[in-house]
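Novice: Below you will find the structure I want to go over with you.
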Amino acid sequence: MDLIPKTEARIAELEGEMARIAQADLTELLALTRKPKGEKGPRLGLRYTSPSGFPVLVGRNAKENDLLTRTAHSEDLWFHAQGVPGSHVILKVEGKNPPLEDLLFAARLAAYHSKARGERQVPVDYTRKKHVWRPRKAPPGQVLYTQAKTLFVEGALPEGLEAG
């Protein structure tokens, strides 16, 4: 039968595509998720801009959390509400040290987009993305991290933002 060579060729093609995606940066991955102009459809994560102008990305589900975290720059800052299910938030600083105002902005987004939404004081851990990893065989979005600091913020959207 000629199904085996066709199947092997398709497997090789898909493995090549997987390798290309694994090495792609965030811009390339985001381009894959965008719809052509005029076509409505889902985007990868929610996007905000910090008070100092840094991009902030928020995962909307486990798969987006996983993709955002895996594709973030190693020196970006990663945020997550401590001890509760919630969004991974990436503050795209690429090694820069943002002001406290930006850290609090990203932390409040992490608190708001978690099960702690509405709480008065939510502990939010943050660390450089290079200190965040997904354990072997863990489901998408589940991570371990080290060298974290904790901010305590209100579980509400930062000033001037509306729920979207």
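The values are calculated or read from the model by the stated rules, or taken from the named source; none is laboratory data. All values reported here derive from a predicted model rather than from experimental measurement. These accessible areas exclude ligands, DNA and RNA; they are computed on the full protein's heavy atoms, side chains included. Shrake-Rupley method; radii C 1.70, N 1.55, O 1.52, S 1.80 Å.
Novice: How much accessible surface does Arg128 have with a 1.4 Å probe, in Å² rounded to 10?
Specialist: Roughly 40 Å² of Arg128 is accessible to a 1.4 Å probe.
Novice: Counting only protein heavy atoms and using a 1.4 Å probe, what share of the accessible area of region 94-164 belongs to carbon plus sulfur, as a whole percent?
Specialist: That fraction is 47 percent.
Novice: Based on the inverse mean of 1/r over its pairs of different Cα atoms, what is the Kirkwood hydrodynamic radius of region 106-164, in Å?
Specialist: Value: 12.7 Å, from the Cα pair sum.
Novice: So how much accessible area does Phe152 have, in Å² to the nearest 10, using a 1.4 Å probe?
Specialist: The accessible area of Phe152 comes to roughly 120 Å².
Novice: Next question. Checking the table Lys96/Lys137; Lys6/Lys63; Lys6/Lys137; Lys63/Lys130 against a 25 Å threshold on Cα-Cα, which pairs fail?
Specialist: Result: Lys96/Lys137; Lys6/Lys63; Lys6/Lys137 exceed 25 Å.
Novice: Right, next: At 1.4 Å probe size, put Thr146, Thr69 in order of accessible surface, largest to smallest.
Specialist: Thr146, Thr69
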